[in-house]
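Here is the structure we will look at, set down as structure tokens.
Bear in mind these aren't lab numbers, they're just calculated from the coordinates by the rules spelled out. All figures in this text were calculated on a predicted structure; none of them were measured in a lab. Here the Cβ positions follow ideal geometry from the backbone for every residue, glycine too, while neighbour counts run over all protein chains shown.
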Amino acid sequence: MSGQTFAQKALARAAGLDAVEVGQVVDARPDIVLSHDNTAAIRRIWQEFGQERVLIPERIAITLDHAVPAPTTKHAQNHAEIRRFVQEQGIRHFFEVGRGICHQVLSEEALVLPGQLILGADSHTTHYGWLGAFGAGIGRSEVATLWATGELWLRVPESMKIVLEGDLPPGVTAKDFALRVIGDLGADGGLYMSVEFHGSGIEAMSLESRMVLPNMMAEFGAKNAWVAPDERTVAYLERGLRQRMEIGDWRLGEGTQSPISNLHSLLPDPDAQYAAVHHYRAADLEPYVACPHSVDNVVPLSAVAGTRVQQAFLGTCTNGRLEDLAAAAAIIRGKQVAPGVRFLVIPASSEVLKAALERGYIQEFVEAGAVIGVPGCGPCMGNHMGIPAPGEVTISSANRNFRGRMGTADSEIYLANPAVVAASAVAGSIADPQDVIA
Amino acid sequence: MHITSRAWKYGDNINTDVIFPGKYTYTVTERAEIARHALEDLDPTFAANAQPGDVIVGGRNFGCGSSREQAATCLVYNGVGAVVAASFSRIFYRNALNNGLLAIACPAAAEAIQPGEMVTVDTERHVIRCAGGEFVFPPLSASVMGIVQAGGLVAYVKRKLAAA
Ligand code: SF4
């Protein structure tokens, strides 16, 4: 038998099989099932099954993050319904308003470990590939089904290998690399695929930069994406596990798997079969911007520099972490947001907010005239906290720029890395950070 | 299954935000209201004029973007009989089938079908017919077809749980 890809190994494990073939449909049992503000709607579907209790409450994780704190009475009712459900079902992995964005929070809490399977009612569940797990987005009926039965059919996907060699040049980030890949191969370039990242460029990246890659692969059509976990990944997870041990979490009792024990068994084999392999040299990359209204409408930053913006948004599960805030703070330090521009800064989680406070970034943002938001999704999907007016242009560190994404169809969204977002806030138009610092 | 109805044709990369805007996902819960917002930012004439059985035709990567299931149910609630596209985003594809909505990947048919013309989808013979010709598509796996025929995943699982 030829070598196995990560997807083959992870889905074989989740289905309790020795090995699986590409194209095989398996009944997989996820380690964690994620939902967020959509939990109330999922509960209404689940009720149709007539069950009193969900099958395995320990495998359910729920965050309130998409529209928090509740912007309207209806949103508040939605949250209240979710809290009642969590209480009734004894769901312990529940994270309240202000804790942060689901993917960031579950990572910080070490609720997903290398090699595990997480399925979530959120398209960016691909995110967990950063720690060597298999994460895939599913629909609401599917989450309801998992609550009831613990298993769901999945097709074992083909795999694509993307290799990055060398160190990224200064000012070029993982976001730029992801945009370049999507720009080159299209928004459906990785359709149905398991995308594996390999190469010295990935190994050299900070963990927070690695997180960007599988997250962005949702915009590439991928089913999941994967980065090899290493000692740094393990150290990160152990910190989260230790914190949960202090609060007496169930997982650290009997049957706890060390993240290290899973690590080596689920690495792809050197002779695994790939449907496609793409090579990139880090030295060839530069900062990129995705233009309206599609994430594959990618151009070099220089091609759109000077485009007027009314709003700059730094945040989201893609680029709302400490290193992103640090990069932006370095640009804005001692400067002011341009007149006529709102600069929204929304940390991805309360942990990120706390660290940014300790390091003085929040002070610097506020002094520069930025607006600080509650950890969560903010205006990413157009619920609240920064909806653009018709005709306005936003530059954002998010992952998606579809028409109407931020709540207003007649407005434009450009996607870029955090430093470019901050530089644009200062300049009042899309700007190269080099030109703002100079 | 055998559907003959009018085609609504759109382009490549039709995303879930234009099929069902994100701003409604936690607050709009009634069937009729979900139906009313279908394709609102893509084709504002659609919801008012859709007829039961109508076929949506898209290009590549239909339904890309969010996992929101309303992108499929808003079409179901408008009576849409099938979606034919050159390719589908995987979550939309699952959501469609899981709600009993036929999603058929057939690049040749997706290209040939003209806006507004009558189209026939025949799942027994696995063909799509339009003025431009007859196009064969690969059959769905038996288990997935079972979900569609049960009327969707929830109905299917209900039956399974009852039998257990
Ligand atoms: S930040 Fe945006 S992309 Fe990320 S989970 Fe929230 S809404 Fe989705």
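Quick notes on this one:
- Residue among A:PHE402, B:LEU101, A:TRP153 farthest towards the positive dipole end of the protein assembly as shown, charges placed on Cβ: B:LEU101
- Separation between Cα centres of the range A:223-240 and the range A:166-194, rounded to whole Å: 20
- Across the range B:2-163, C-alpha contacts under 8 Å between residues 6 or more apart give a mean separation that, scaled by the residue count, equals a relative contact order of 24 percent.
- Distance histogram in 5 Å bins (all Cα pairs of chain B, percent per bin): 2, 10, 19, 23, 21, 14, 7, 3, 1, 0
- Label point distance in nm, B:LEU161-A:GLU88, each placed 7 Å from Cα along Cα→Cβ: 1.2
- The residues A:ASP435, A:ASP176, A:ASP27, when put in order of fewest to most other Cβ atoms within 10 Å, stand as A:ASP435, A:ASP27, A:ASP176.
- Top of A:ARG155, A:ARG403, A:ARG44 by mean-square fluctuation, Gaussian network on chain A, Cα under 10 Å: A:ARG44
- Residue-averaged [θ]222 nm for chain A, counting only DSSP H segments that reach four residues, each worth -39500 (n - 2.57): -10000 deg cm²/dmol
- Anisotropy class assigned to chain A is oblate, per the alpha carbon gyration tensor with a/c at or over the 1.5 cut-off and a/b no larger than b/c.
- Rh by Kirkwood over Cα pairs, then Stokes-Einstein D for the range A:292-437 at 0.692 mPa s and 37 °C, µm²/s: 225
- Reducing the range B:57-118 and the range A:1-55 to their Cα centroids gives an inter-centroid distance of 24 Å.
- Under the shape rule built on the C-alpha gyration tensor, where the axes satisfy a ≥ b ≥ c, the range A:138-213 is prolate, since a/c reaches at least 1.5 and a/b is greater than b/c.
- Residues A:ILE101, A:ILE182, ranked from the fewest to the most other C-beta atoms within 10 Å, line up as A:ILE182, A:ILE101.
- Fully extended contour minus Cα-Cα distance, from A:ASP284 to A:SER265, at 0.36 nm per residue: 3.5 nm
- Cα-projected label distance for A:ARG232 with A:GLU358, points at 7 Å along beta-carbon direction, nm: 1.9
- Alpha carbon Rg of the range A:43-123, scaled by the compact-globule rule 2.2 N^0.38 Å: 1.15
- If R0 is 41 Å, the Cβ-Cβ spacing of A:ALA204 and A:VAL366 corresponds to a FRET efficiency of close to 0.75.
- For chain B, built as a Gaussian network whose Cα springs stay under 10 Å, the top-fluctuating residue of B:ALA85, B:ALA48, B:ALA105: B:ALA48
- Beyond 31 Å in Cα-Cα separation lie the following of the pairs A:LYS9/B:LYS9; A:LYS9/B:LYS23; A:LYS223/B:LYS23: A:LYS9/B:LYS9; A:LYS9/B:LYS23.
- Extension gain (nm, one decimal) between A:LEU17 and A:ALA275, 0.36 nm per residue minus Cα-Cα: 90.6 nm
- For the range B:25-42 and the range A:355-434, distance of Cα centres in Å: 27
- Most fluctuating residue given options A:PRO339, A:PRO388, A:PRO214, as computed from a GNM of chain A linking Cα atoms under 10 Å: A:PRO339
- Straight-distance crosslink candidates among lysines, where the alpha carbon sits under 24 Å from A:LYS335 and sequence neighbours closer than 8 are dropped: A:LYS354
- Distance between the 7 Å Cα→Cβ label points at A:ASP410 and A:ALA389: 1.3 nm.
- Amide H contacts of A:VAL163 (H built 1.01 Å from N, under 5 Å, at least 5 apart or other chain): A:HIS198, A:HIS278, A:HIS279, A:TYR280
- Nonlocal amide H pairs with B:PHE88, under 5 Å, H built at 1.01 Å: B:ASN61, B:PHE62
- Sequence-ordered 3J(HN,Hα) estimates for the range A:273-287 from the Karplus curve with 6.51, -1.76 and 1.60 and θ = phi - 60° stand at 9, 10, 6, 7, 10, 10, 10, 10, 10, 4, 4, 7, 8, 9, x Hz, glycine and proline given as x.
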